[in-house]
Amino acid sequence: MNSLHILEAGPMLTVQDLGRPGYLRFGVSGAGPMDRSSMRLANHLVGNEDTQAALEFASVGGAFTVETDVRFAVCGGSVAITIDGTPRHGWESHRLYPGETLRIGAMRGAVWGYLAISGGIDTPCVLGSRSTHLRSGLGGLNGRRLAAGDQLPLGVSRAGPLLALRHAVPRSPGAIRVVPGPQAGHFDARTWAEFLEGPFRVTPDRDRMAQLLEGPQIRAFAGHDIVSDGTVSGSIQIPSSGRPIVLMAERQTTGGYPKIATVASFDLPRLAQIPSGSLIRFRVISQDHAEDLAIARSRHDAQLLADLDLKPEEPTISRQSQS
Amino acid sequence: MTALQLASLPFPRIAACGDHALAVELSDVIDEAVNARVVALAHALTAQAIAGVVEMVPTYRSLLVLYDPAVVRGRELSVRLLDLLAEETVRDAPGRQVTVPVSYGGEAGIDLDELADLKGMTPADLVALHSSAQYRVYMIGFAPGFAYLGGLPDRLHTPRLAVPRQRIEAGAIGIGGMQASINSVAGPSGWRFIGRTPLRLFDPSRAEPFLLRAGDRVRFRAVDAAEAKDLDAAVAKGETPVEWEIG
């Protein structure tokens, strides 16, 4: 069986597939990628199915080798990719041969990156998914972050062409769109005005579970404790500190803080990808409008995946392959 | 609808949670009858099998309904949910009753003696009181399989610790404020702990990974060291040595 060897690992390297739906009522959030579109693209570029698992990294990727030939692709943002020191582009597939070292450096202008390998990461499914849920210690490799020295089983890689994205994917600038949340009425008109005026700084206090924001203090006139209810990805909780917490892929499934708004699912990956230190603003849209955006996003993604370009083969790099 | 108008709507009301979930809110307090209706609504909705409804999360006083907007729009689903609520049948659903064996005190029941002192009773009295009550699983949340139990006798209500302990083992029997709990996974906790159950509330390798669900009724039964050891052995073999009563 082919394996992926991890020589160096960035600080937040995990196995992810599209997530683990169906267990919210049992206290298990879906996990899965922070930027689903980028992960799907990486998988499609190497000929994988949507459901196969890839690696997600934050900020810095790592160094990797394989035991048999594979195709790989890195998506998510601008990042230095090299094979034995020779630069390679993101958002397209390349071949990696045994003996060569793939290095993925630091992301620029984005946070979450995806490394897909043809055949997919073949760690065991837990509750129907390979996604790592760090907080619960489920999925991936023993439910944990990957580290140097780890080996991951790879699925069988079918032969296939190299592919590239036809056009770069632009990330729309502008305000992060939100729908008023289930406790929107716990905040008075002045507080709402402050919330929408912002701006909020994206703090480095962020992980797969939540993103903390810093800006005007948001006060709930009805207090900051509610009888706990269900949460979704994108719920914006306001604890008594007045600092918003945006819940992400590994959120707690229930929570006792009032939720002023929910980030539109169209804009949630964009928020996830905004570098720490950046300023953001929120803009209110209707639930109907947010649904339209979500539907448009899935159509756009499907179009993108159907429109990948064939790419000419590249000269091989390693001595081993040249001989 | 503006945010402020939303707050003044009477119950039941439906609140948007972004573009793929609705919260059906039946009340804003913790109440057994309200929770029974939440669970009943989840059952009724499951029976209706509305296309596009993908998941439901019953909580104390509201039901979170997740949907796929490409199949059913939130506005349309809201109407159907309100219609469903208007039906008389959505009152209560058959519940399950389970008795959970507990080895009180010992290493896992780290707070038993102190709590008994605090309440002016003997540890044996405290155990008798704790195991005499009927509890209800109001919701599962916080961690995989973690059950929030209502029904803790008033005398046992105890504030949480100011500084949580770093690690409490799975199976620990806890008290936090007016609620009782059974820890489903090891982790930090500010609750007080008075014993442990050999049962596993969460085991991903089992055919039924989760022992409890919202709406279940729970009783505790004190077991001695010998029985706890036997139960531990059975659980280690992958068994779930409990009997369910339905009704």
Exercise. In this structure, does B:ASP117 turn out to be in contact (Cβ under 8 Å) with a residue 60 or more places away in the chain and in the same structural domain as B:GLN134 (by TED's automatic domain parsing)?
Worked result: no
For this session: Just give me the residues in the stretch B:205-217 being in contact (Cβ under 8 Å) with a residue 40 or more places away in the chain and either surrounded by fewer than 21 Cβ atoms within 10 Å (Cβ to Cβ) or of a type in the set (Ser, Thr, Tyr) (or both), in sequence order.
Result: B:PRO209, B:ARG213, B:ASP216, B:ARG217
Exercise. In the stretch A:268-281, which residues are of a type outside the set (Val, Ile, Thr), more than 13 Å from every other protein chain (Cβ to nearest Cβ) and closer than 22 Å to A:GLN217 by Cα?
Worked result: A:ALA272, A:PRO275, A:SER276, A:GLY277, A:SER278, A:LEU279, A:ARG281
Exercise. Do any residues in the stretch A:15-35 that are at the interface with chain B (Cβ under 10 Å from one of its Cβ atoms) have Cβ atoms under 7 Å from those of residues that are aromatic (Phe, Trp, Tyr), where the two are at least six apart or on different chains, and which pairs are they?
Worked result: A:PHE26/B:PHE210; A:GLY27/B:PHE142; A:GLY27/B:PHE146
Problem set entry | Residue match in the stretch A:303-319 (condition: surrounded by fewer than 17 Cβ atoms within 10 Å (Cβ to Cβ), assigned to a loop (DSSP other than H, G, I, E, B), of a type in the set (Gly, Ala, Ser) and away from chain B (no Cβ under 14 Å)) | yes
For this session: Output the qualifying pairs, or none if there are none: Cβ atoms under 8 angstrom, residues six or more apart or on different chains, first residue in the stretch A:181-201 and away from every other protein chain (no Cβ under 11 Å), second residue of a type in the set (Ser, Thr, Tyr).
Result: A:ARG201/A:SER278
Exercise. Does the stretch A:244-254 hold any residues that are more than 8 Å from chain B (Cβ to nearest Cβ) and within 20 Å of B:SER62 (Cα to Cα), and which are they?
Worked result: A:LEU247, A:ARG251
Exercise. Counting just the residues of the stretch B:149-187 that are closer than 21 Å to B:GLN134 by Cα and out of contact with any strand residue (DSSP E or B) (no Cβ under 7 Å at 6 or more places or on another chain), which one comes out surrounded by the fewest Cβ atoms within 10 Å (Cβ to Cβ)?
Worked result: B:ASP154
Problem set entry | Output for the stretch B:200-227, where each listed residue is aliphatic (A, V, I, L, M) and more than 19 Å from B:SER132 (Cα to Cα) | B:LEU201, B:ALA207, B:LEU211, B:LEU212, B:ALA214, B:ALA225, B:ALA226
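Taking the options A:SER265, A:SER241, name whichever one is away from every other protein chain (no Cβ under 13 Å) and not in a helix (DSSP H, G or I).
A:SER241
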Exercise. How about the stretch A:56-93: which of its residues are touching a helix residue (DSSP H, G or I) at 6+ places or on another chain (Cβ under 9 Å) and either in a strand (DSSP E or B) or outside the structural domain of A:THR316 (by TED's automatic domain parsing) (or both)?
Worked result: A:GLU56, A:ARG71, A:PHE72, A:ALA73, A:VAL74, A:CYS75, A:GLU92, A:SER93
Problem set entry | Any pair with Cβ under 6 angstrom, 6 or more apart, that starts in the stretch B:10-30 at a residue that is at positive phi and among the charged types (D, E, K, R) and ends at one that is surrounded by fewer than 24 Cβ atoms within 10 Å (Cβ to Cβ) and not in a loop (DSSP other than H, G, I, E, B) | none
Seminar exercise, completed: Residues of the stretch A:234-266 being polar (S, T, N, Q), touching a helix residue (DSSP H, G or I) at 6+ places or on another chain (Cβ under 6 Å) and touching a residue at least 40 places away in the same chain (Cβ under 8 Å), in sequence order, are A:THR253
For this session: Check the stretch B:52-72 and report whether any residue there is surrounded by 17 or more Cβ atoms within 10 Å (Cβ to Cβ), more than 7 Å from chain A (Cβ to nearest Cβ), more than 26 Å from A:TRP192 (Cβ to Cβ) and β-branched (Val, Ile, Thr).
Result: yes
For this session: Can you give me the number of residues within the stretch B:160-176 that are more than 17 Å from B:VAL102 (Cα to Cα) and modelled with pLDDT of 90 or more?
Result: 4
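The values are calculated or read from the model by the stated rules, or taken from the named source; none is laboratory data. Not measured: the values here are computed from a predicted model. Neighbour counts are summed over all protein chains in view; Cβ atoms, including those assigned to glycine, are modelled from backbone coordinates with ideal geometry.
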